[in-house]
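Read the structure below first, then the notes.
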Amino acid sequence: MRRFATLALAVAVPQLAYAGGFELIHQSPAATGMAAAQTARADDPAAVYYNPAGMAFQRGLGVLAGADLYIVNIDGAAPAAQATNLGGAAKASSNEIVATPTLFLTQRLGSHFAAGVGVYTNFGEDLRYPTTSALRFGGSIIDIQTVTVNPSVAIRPNPRFSIGFGIDILQAGIQLQRGLAFGAGEGNVNMGFSGTGVGGNVGLMVVAIPKYLNIGFTYRSSINVDADGHAAFNGPAELGVTGRQTATTSVELPHNFALGLGSDLCERLGVNFDVRWTLWSSLKSLDFTFTDPAAPSGTASTKSSLPLNWRDSYALRLGAEARLLREKNLKIRAGVGYDRTPVPASTLGPLTPDSDRIIVSVGLGYSHKWFGIEAAYLAAIVLDRTSTNPDLRADFQGVGHVLSLALNFRWEKVLSRLVTAGY
């Protein structure tokens, strides 16, 4: 049983580390086109995610329905001598596509209140490398799927200040496959986990100088995900390593802060700047419990802990929006940004190929009366980085593409009897 537990620890860390390096913060085309600099803006239904306080500055009923398409291209290369020793190709690539639907609804309730709900994907990825690559011993498949349901409310006590609150209910499912070496023999392990976690968030919006300066702040709490799963091992029969273990773990997703500044430099041009700070340093280790269902009754479960020592990460985002045509209903957006990875070089691998990233984005939106359509493209350039992990000293680089499309509806007279004159 202890052999199984040791092997399970060897493959469990990458799946959770990968989610940390690939948090998805692009939840609408307007945000994507401006590199997600939205904390001091939040003027469409996606405010539920970016800053719930922004809901109280909107009128009527708003609906945003769309989808994001993530195209991830990662190239990995192990040293030739190591690849020969492991018995596989030195180079391998993962080229995968992940689609994530998004839905947000907001409703102004009187002159001082608003409510909304969002359903979106906050973490998600799909990487698959050839099983003939030397990288297979670091990982060949990881598939992360999450859904977050986020109900929110906002209160606006005066025309220049609002505060919003929300609850994050996250459901996660993770699948992982990795090759295992047994001396002259070889096997693999397939793992799957699922779990649910609940957190909260709060946002502030201040109109410091009307039309010229908005200040936004958000805090998203940590989410503790209690996950249950299994590990199915396949290996040489003579070593007795074929079997299935149940596994449990608890993962604390980190606290997140964002501070934003927004300004309309003129009637037809707006600029937004965001600083995001994520406290990944709280993730010092991962603790696991493994149970062999075939073990004799009364056999104790195996508990193991593995240090991670992650670091805090930050992101800098700058976005601009130009409003064209007579009614300013054609919007052209652009953005740039820089993200610092939380993943240290010591845990960098095929399933954690994260590095510091350069962000470039563009977007386009058009609205007519109550209806609008928006699209955006974002490129995340993953800088070249080499692992210092003694088990697999490989080099990784890549690029991620985000294509975002959504329909935006705004009915200011819906439930009009609840919407009073005023702000």
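Bear in mind that the values in this text are calculations on the coordinates, not laboratory data. Worth saying up front: this structure is predicted, and the values here are computed from it rather than measured. So basically every Cβ, Gly included, is an ideal-geometry build from the backbone, and we count neighbours across all protein chains shown.
Tabulated data for the structure shown
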item	result
Chain lengthening between residue 252 and residue 411 when straightened (0.36 nm per residue, less Cα-Cα)	53.3 nm
Nonlocal Lys pairs with alpha-carbon distance under 19 Å, segment 2-418 (8 or more apart, or different chains)	6
Likely footprinting exposure, 193, 104, fewest C-beta neighbours within 10 Å first	193, 104
Amide hydrogen neighbours beyond the local backbone of residue 349, cut-off 5 Å, H modeled	354
Residue 312 long-range amide H proximity, modeled H, under 5 Å	280, 281
Within segment 110-143: backbone nitrogen closer than 11 Å to the residue 389 label point (7 Å, Cα to C-beta)	135-140
Extended-chain gain in nm, criterion 0.36 nm per residue less alpha-carbon gap, residue 196 and residue 309	38.3 nm
Backbone N within segment 195-227 under 20 Å of label point (7 Å from residue 269 Cα along the Cβ vector)	209-214
Read-out Cα extents along the principal axes in Å, derived from the coordinates shown; its label in [x] 78, 48, 31; [y] 87, 66, 58; [z] 83, 60, 34	[x]
FRET efficiency, 1/(1 + (r/R0)^6) with R0 51 Å, evaluated for residue 332 and residue 131 via beta carbons	0.70
Label-point separation in nm, residue 206 to residue 169, each point 7 Å along Cα→Cβ	3.4
Under-5 Å amide H pairs with residue 41, H placed in peptide plane, nonlocal only	none
At R0 = 30 Å, FRET efficiency that the Cβ-Cβ distance of residue 112 and residue 213 yields, to 0.05	0.85
C-alpha center-to-center spacing [segment 324-374, segment 158-172] in angstrom	22
Least to most buried among 303, 331 (fewest other Cβ within 10 Å first)	303, 331
HN-Hα J in Hz across segment 156-162 - Karplus 6.51, -1.76, 1.60, θ = phi - 60°, x for Gly and Pro	10, x, 8, x, 10, 8, 8
